[in-house]
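Okay, so here's the structure we're looking at.
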């Protein structure tokens with residue numbers, strides 16, 4: 001089992017337990033169906049489909065499973081849970097950087113290691 005600590009934009013957190021075979025879409029539905037009314041009452045959303053998970057700074061598509069992310073069993077993993085209608089376009093930040101002539105892998109200035 002994988003323990004997820006979900007953090008809302010407001011900073012409120014709640015822990016849930018999932019199987020490695022559960023997808024981001026499954027998690028959104030489970031959280032919506034088991035919304036912690038006592039703690040998250042003011043954060044409630046209208047439907048599960050707008051709940052999005054963010055892991056390591058990236059939005060997870062609904063088909064991605066926890067097992068595919070290589071999350072450790074029996075340990076707590078932190079993810080953000082945000083209401084959002086649509087996901088951003090993949091690599092949109094990278095494309096903007098390339099069009100500006102910059103590199104998305106580091107910074108636009110030269111780096112020097114001493």
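The values are calculated or read from the model by the stated rules, or taken from the named source; none is laboratory data. Because the structure is predicted, anything quoted here is derived from the model rather than measured. Here Cβ is always computed from backbone atoms with ideal geometry, including for glycine, and neighbour counts include all displayed protein chains.
Scan segment 49-59 for residues that are part of a strand (DSSP E or B) and out of contact with any helix residue (DSSP H, G or I) (no Cβ under 7 Å at 6 or more places or on another chain) and the total you get is 4.
What do you reckon, is residue 53 modelled with pLDDT of 90 or more, crowded, with 17+ Cβ neighbours inside 10 Å and farther than 20 Å from residue 10 by Cα? If you could, list the steps in order and put the result at the bottom.
Details: modelled with pLDDT of 90 or more: yes; crowded, with 17+ Cβ neighbours inside 10 Å: yes; farther than 20 Å from residue 10 by Cα: no.
So residue 53 fails the test.
Can you find a residue that is under 14 Å from the mean Cα position of the chain (by Cα) and either surrounded by 16 or more Cβ atoms within 10 Å (Cβ to Cβ) or touching a residue at least 60 places away in the same chain (Cβ under 8 Å) (or both) anywhere in segment 12-19?
no
Checked against the criterion of being in a loop (DSSP other than H, G, I, E, B) and either at negative phi or modelled with pLDDT of 95 or more (or both), the candidates 81, 4, 71 yield just one match: 71. Of all residues in segment 21-48, those being at pLDDT 95 or above, surrounded by 12 or more Cβ atoms within 10 Å (Cβ to Cβ) and in contact with a helix residue (DSSP H, G or I) (Cβ under 7 Å, 6 or more places away or on another chain) number 3. Taking (1) under 12 Å from the mean Cα position of the chain (by Cα); (2) in a loop (DSSP other than H, G, I, E, B); (3) at pLDDT 95 or above in turn, residue 62 satisfies each apart from (3).
Here residue 82 meets the list (1) in contact with a helix residue (DSSP H, G or I) (Cβ under 8 Å, 6 or more places away or on another chain); (2) farther than 16 Å from residue 3 by Cα; (3) in contact (Cβ under 8 Å) with a residue 60 or more places away in the chain almost entirely, failing just condition (1).
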